[in-house]
Amino acid sequence: MTDRAQPTLSYLATVKVEVSRPIEVGDTADGFRRVVPIAGGSVEGPELKGSVLPVGADFQLLKSETVTELEAKYIIETDEGEKIYVSNYGIRAGSAEDIAALVRGESVDPERIYFRCSPRMASEGRWAWLGSRIIVGSGVRHPDAVHLEFYVLD
């Protein structure tokens, strides 16, 4: 029998994504859809530092009054000019009242919201290794931004 290594988490960065006014698609067969344009942002970590480029969006599906599926796609540009493509899948859940408040753009106590994500990243050069790792994160939604903490699962 072989020993199994226990996974650990290593902090990668805090990503602050600025967002614009949502575009509501409306009720579909899958649920209520809306698209939240990404306006920019910042990235700050021990080694990974840079900005979120003003491209991309968060494609949201409100599956019920209490659960929202998130699929954000955007690009990070490091301070050295390298680009990292991010495709971030997440779940945000809370009471019907709290989720409705978030949809209206209001602040909600983050302690009352479950917001977890699993970003996949792709790059070349120094940051190519991110594409061969599992990254997990937690988030907080603010009226005009999303703050994410990313960790590498070692």
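Nothing in this text is a laboratory measurement; each read-out follows from the coordinates by a stated rule. Treat the numbers as computed from the prediction; the structure is a model and nothing was measured. Ideal geometry is used to build each Cβ from the backbone, glycine not excepted, and the neighbour counts take in all protein chains shown.
Observations, loosely collected:
- Taken over the stretch 1-30, the criterion of being surrounded by 12 or more Cβ atoms within 10 Å (Cβ to Cβ), hydrophobic (A, V, I, L, M, F, W, C) and without any contact (Cβ under 8 Å) to a residue 60 or more places away in the chain is satisfied by Val25 alone.
- Subset of the stretch 43-58 [loosely packed, with under 14 Cβ neighbours inside 10 Å and in a loop (DSSP other than H, G, I, E, B)]: Pro46, Glu47, Val55
- Looking across the stretch 1-41, the residues that are farther than 22 Å from Arg133 by Cα, part of a strand (DSSP E or B), in contact with a strand residue (DSSP E or B) (Cβ under 6 Å, 6 or more places away or on another chain) and not β-branched (Val, Ile, Thr) come down to Glu18, Glu24, Phe32, Arg33, Arg34, Pro37, Ala39, Gly40, Gly41.
- Close pairs (7 angstrom Cβ cut-off, 6 or more residues apart or separate chains): more than 11 Å from Leu102 (Cα to Cα) in the stretch 135-154, charged (D, E, K, R) and crowded, with 16+ Cβ neighbours inside 10 Å anywhere: Gly137/Glu149; Ser138/Glu149; Ala145/Lys16; Ala145/Glu18; His147/Lys16
- Scanning the stretch 82-118 for residues that are part of a strand (DSSP E or B) and among the charged types (D, E, K, R) turns up Lys83, Arg92, Arg116.
- The set of residues from the stretch 63-76 being in contact with a Gly (Cβ under 6 Å, 6 or more places away or on another chain) and either without any contact (Cβ under 8 Å) to a residue 40 or more places away in the chain or more than 16 Å from Gly139 (Cβ to Cβ) (or both) comprises Lys63, Lys73.
- The number of residues in the stretch 127-137 that are small (Gly, Ala, Ser), surrounded by 13 or more Cβ atoms within 10 Å (Cβ to Cβ) and out of contact with any Gly (no Cβ under 9 Å at 6 or more places or on another chain) comes to 2.
Per-residue answers, yes or no, for (1) loosely packed, with under 15 Cβ neighbours inside 10 Å; (2) under 17 Å from Pro143 (Cα atoms):
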{"residue": "Phe32", "(1), (2)": "no, no"}
{"residue": "Gly41", "(1), (2)": "no, yes"}
{"residue": "Leu61", "(1), (2)": "no, no"}
{"residue": "Thr78", "(1), (2)": "no, no"}
{"residue": "Ala93", "(1), (2)": "no, yes"}
{"residue": "Val108", "(1), (2)": "no, yes"}
{"residue": "Arg112", "(1), (2)": "yes, yes"}
{"residue": "Cys117", "(1), (2)": "no, no"}
{"residue": "Gly125", "(1), (2)": "yes, no"}
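- Residues that are farther than 23 Å from Leu53 by Cβ, touching a residue at least 24 places away in the same chain (Cβ under 8 Å) and in contact with a Phe, Trp or Tyr (Cβ under 8 Å, 6 or more places away or on another chain) do not occur anywhere in the stretch 105-124.
Residue-by-condition table, conditions (1) closer than 21 Å to Leu9 by Cα; (2) aliphatic (A, V, I, L, M):
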position: Phe115; (1), (2): yes, no
position: Arg141; (1), (2): no, no
position: Leu148; (1), (2): yes, yes
position: Val152; (1), (2): yes, yes
